[in-house]
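Data block below; observations after.
Bear in mind these aren't lab numbers, they're just calculated from the coordinates by the rules spelled out. Fair warning: this is a prediction, and the values are worked out from it, not measured in the lab. Don't worry about glycine lacking a Cβ; one is built from the backbone with ideal geometry, like all the others, and counts go over all protein chains shown.
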Amino acid sequence: MTQWIDACAVEDVEEEDLIRFDHDGRTFAIYRSPDDVFYATDGLCTHEHVHLADGLVMDHIIECPKHNGRFDYRTGEAKGAPACINLKTYPVKVEGDRVLIALA
Amino acid sequence: MGSGIVIIGAGECGVRAAFALREEGYRGAVTLIGAEPHLPYERPPLSKGGPLPKVIAEEARYGEADITLRRAVRVTGIDTAARAVALSDGSILPYDKLLIATGAQARRFPGMEAAGTLRSLDDASAILGALRPGARLAVIGGGFIGLELAATARRLGAGVTVIEVAERLMARVVPAEIAAVFEARHRAEGVDLILSATVAGVDPIAVVLGDGRRIEADIVVAGVGAVPDTRLAEEAGLAVADGIVVDHRLKTQDAHIFAAGDCCRFPYRGSHVRLESWRCAQDQGAHAARAMLGAEDPFSRTPWFWSDQYDLGLQVAGLPDPARPFIRRDLGEEAFVLFQLDDAGLLSSASGVGFGNAVARHISVAEKLIERAVPVPPAQLSDAKINLKKLLKG
């Protein structure tokens with residue numbers, strides 16, 4: 001059974017932005033795209049374990065706040081050096097005004 | 001393309017260039033030559049006290065990309081007529097295109113010969129191994145490397161004295177208002193900062209200042225800048241002026257030889273500059289790879305620097321000019337960004353300091369505004385309620 005975790009309210013995340021969400025000793029990033037869709041990935045950049053929450057979201061790209069590692073937060077795909085390992089992504093659904101993410 | 005591409009220097013720039021050649025679809029031979037015995041590693045963590053080494057790419061990735069990595073070998077000369085390099089093991093390696101990415105070496109001024117320097121993994125291992133509670137470190141130079149090492153040493157419990165010839169820290173690239181934040185923090189952490197002080201001499205256990213004072217230490221490290229490693233280029237007859245002179249594509253006067261990273265001097269906003277920057281080394285490595293394969297577009301990335309000291313993070317996009325005014329934007333929790341406009345009213349630099357990565361988004365947006373020459377009204381720069389990202393959307 002997929003375990004859906006209540007991560008935040010819809011209004012907690014601005015459009016084309018992200019917030020940090022910590023749960024059970026793990027840390028995640030919750031994104032709201034410019035077309036108002038929510039996504040979730042692991043919170044730490046795969047290059048040097050810097051939290052992505054301070055990074056810049058442009059369209060569907062999250063840029064690591066430290067070394068310019070960039071990822072497509074919809075798929076987790078690393079978009080070039082110095083990041084070469086993809087980000088893990090998680091299913092997200094919106095129920096009412098809440099954002100839920102599925103943790104395996 | 002029979003002989004392939006040879007890259008001299010297996011630092012951030014050379015490694016990025018090698019992989020970029022494959023990403024661009026190049027199928028000829030790629031040989032990456034590094035003087036050090038280690039698998040190529042990232043240099044920024046050396047002064048920041050993180051776990052070492054942090055390799056740029058795992059060894060298997062070189063094989064997967066069909067990159068021949070030759071370690072612990074030096075290039076001893078370039079024969080431009082024959083298009084071949086001579087190696088320290090006596091072999092000769094021909095090239096179709098050659099990239100010089102030899103970087104820079106730590107500088108020592110006369111009288112500082114006995115001081116250590118921090119440039120390589122071996123340097124870092126020796127210095128960090130000696131930093132323990134009660135040890136005394138003397139750092140000559142209040143620049144990025146010296147101050148990062150000072151912060152690392154304090155965290156390890158060592159006593160630290162920093163000696164700087166200028167009247168403030170990081171005077172070369174950091175605005176005074178930001179340098180003052182770091183100065184206060186180092187003093188609060190117990191670092192003995194001696195500013196406006198010259199060094200008369202160094203022996204292995206002390207620094208003697210120009211005024212005769214003697215700073216006793218167990219370890220003395222000089223962090224007084226770097227000189228580009230241009231010897232091979234000079235001997236090959238290429239133009240060198242504090243850096244190997246390259247054009248907008250990073251090509252030297254020789255159509256088959258390119259130079260990139262800390263060792264090159266390149267055109268930037270109407271002048272020629274040489275940077276010592278991890279990000280620029282990567283960007284130029286990738287650009288040189290494309291240029292060697294025929295791309296004509298100019299290198300146009302905005303310079304970007306950062307420094308971590310204690311929990312303070314500094315980021316700079318563009319090249320700040322201390323002689324021009326700054327526009328300040330306060331971000332709360334002691335974080336702020338200083339913007340600078342050029343004569344045409346376009347953003348030319350942004351420098352910020354805050355806890356952790358508090359200024360990262362602003363500096364990243366500024367970097368893109370600089371690169372795209374987006375006009376920015378000064379009142380919008382100073383008003384923290386205005387989201388500068390919107391300016392990028394036009």
Globularity index of the protein assembly as shown, i.e. its alpha-carbon radius of gyration over 2.2 N^0.38 Å
1.02
Fluctuation leader among B:228, B:375, B:110 - chain B, Gaussian network, Cα springs under 10 angstrom
B:110
What number, rounded to the nearest 500 deg cm²/dmol, is the helix-based mean residue ellipticity at 222 nm of chain B, given -39500 (n - 2.57) per DSSP H run of at least four residues and division by all its residues?
-7000 deg cm²/dmol
Tell me, what does the Kirkwood hydrodynamic radius of the stretch B:323-394 come to in angstroms if you use every pair of distinct C-alpha atoms?
12.2
Compute a Gaussian network model of chain B, connecting alpha carbons closer than 10 Å, and tell me which residue from B:99, B:369, B:293 fluctuates the most.
B:293
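For each of A:28, B:326, count neighbouring Cβ atoms within 10 Å of the residue's Cβ, then give the residues from fewest to most. Walk me through the numbers before you get to the answer.
Numbers: A:28 24, B:326 21.
Ranked by crowding around the Cβ, least crowded first: B:326, A:28.
Can you say what percent of the DSSP beta bridges in chain B, counting only those with both residues inside, are antiparallel? Round to 5. It would help to have the intermediate numbers written out before the result.
Details: 48 of 78 bridges.
Among the beta bridges of chain B, antiparallel pairing accounts for roughly 60 percent.
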Need one number: % antiparallel among DSSP beta bridges in the stretch B:96-207, to the nearest 5.
20
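Using Cβ counts within 10 Å as a stand-in for footprinting exposure, how do B:263, A:64 rank, fewest first? Walk me through the intermediate numbers first.
Numbers: B:263 32, A:64 25.
Starting with the residue having the fewest Cβ neighbours, the order is A:64, B:263.
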Heads up, chain B by the C-alpha gyration tensor (a ≥ b ≥ c square roots of eigenvalues; a/c under 1.5 rounded, else a/b over b/c prolate, else oblate) looks oblate
Identify which of A:60, A:51, A:23 has the largest mean-square fluctuation in a Gaussian network model of chain A, with springs joining Cα atoms closer than 10 Å.
A:23
Listed residue (B:92, B:384, B:363) projecting farthest to the positive dipole end of chain B, Cβ model
B:384
Separation of the residue B:81 and residue B:231 label points, Cα + 7 Å toward Cβ, nm:
2.4
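Most exposed first by the Cβ proxy, i.e. fewest other Cβ within 10 Å, how do B:112, A:1 rank? List each step's numbers first, then the result.
On the way: B:112 19, A:1 3.
Ranked by crowding around the Cβ, least crowded first: A:1, B:112.
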By how many nm would the segment from residue B:23 to residue B:214 lengthen if fully extended, with 0.36 nm per residue of separation less the alpha-carbon distance?
63.3 nm
For residue B:321 and residue A:23, FRET efficiency with R0 = 60 Å and r from the beta-carbon atoms, rounded to 0.05?
0.80
Rounded to the nearest whole Å³, what is the per residue volume of the convex hull around the Cα atoms of the stretch A:3-103?
81
If you take the beta carbon distance between residue B:198 and residue B:253 as r and set R0 to 41 Å, what does 1/(1 + (r/R0)^6) give as a FRET efficiency, to the nearest 0.05?
0.55
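Pairs of alpha-carbon atoms within less than 8 angstrom and 6+ residues apart define the contacts here; what relative contact order does chain B have, in percent? Walk me through the numbers on the way to the answer.
On the way: 899 pairs, mean separation 55.5, N = 394.
Rounded, it is 14 percent for chain B.
Considering only DSSP beta bridges whose two residues both sit in the protein assembly as shown, what percent are antiparallel, to the nearest 5? Could you put the intermediate results ahead of the total?
On the way: 82 of 112 bridges.
Roughly 75 percent of the DSSP beta bridges within the protein assembly as shown come out antiparallel.
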Ordered by residue, what ³J(HN,Hα) values in Hz, to whole numbers, does the stretch B:86-98 give under the Karplus form 6.51 cos²θ - 1.76 cosθ + 1.60, where θ = phi - 60° and Gly and Pro are x?
9, 10, 5, 8, x, 7, 10, 10, x, 9, 8, 10, 10
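Relative contact order of the stretch A:3-103: what whole-number percent is it, with Cα pairs under 8 angstrom and at least 6 residues apart?
On the way: 239 pairs, mean separation 28.1, N = 101.
Rounded, it is 28 percent for the stretch A:3-103.
Inside 10 Å of the C-beta atoms of A:66-72, what's the mean count of C-beta atoms belonging to other chains? Mind dumping the intermediate values first?
Numbers: counts 8, 7, 7, 0, 0, 0, 0.
The per-residue average across the peptide is 3.
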Which of the residue pairs A:88/B:48; A:79/B:368; B:48/B:389; A:79/B:54 have a Cα-Cα distance greater than 26 Å in the structure shown?
A:88/B:48; B:48/B:389
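Which shape class, rounded, prolate or oblate, goes with the stretch B:1-97 when its Cα gyration tensor gives a ≥ b ≥ c as root eigenvalues, a/c under 1.5 marks rounded, and past that a/b bigger than b/c marks prolate?
Values: a/c = 2.40, a/b = 1.49, b/c = 1.62.
Oblate.
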Contour minus Cα-Cα distance for residue B:189 and residue B:74 (0.36 nm per residue):
37.2 nm
Relative contact order (%) - criterion: Cα under 8 Å, at least six apart; region: the stretch B:256-394
18
Would you kindly derive the ³J(HN,Hα) couplings of the stretch B:131-147 from the backbone phi angles with the Karplus curve 6.51 cos²θ - 1.76 cosθ + 1.60 (θ = phi - 60°), listing them in order in whole Hz, with x for Gly and Pro?
8, 9, x, x, 5, 10, 10, 10, 10, 9, x, x, x, 4, 5, x, 6
Tell me, what HN-Hα J-couplings in whole Hz come from the Karplus equation 6.51 cos²θ - 1.76 cosθ + 1.60 at θ = phi - 60° for each residue of the stretch B:303-312, using x for Gly and Pro?
x, 9, 10, 8, 8, 10, 9, 6, 9, 8
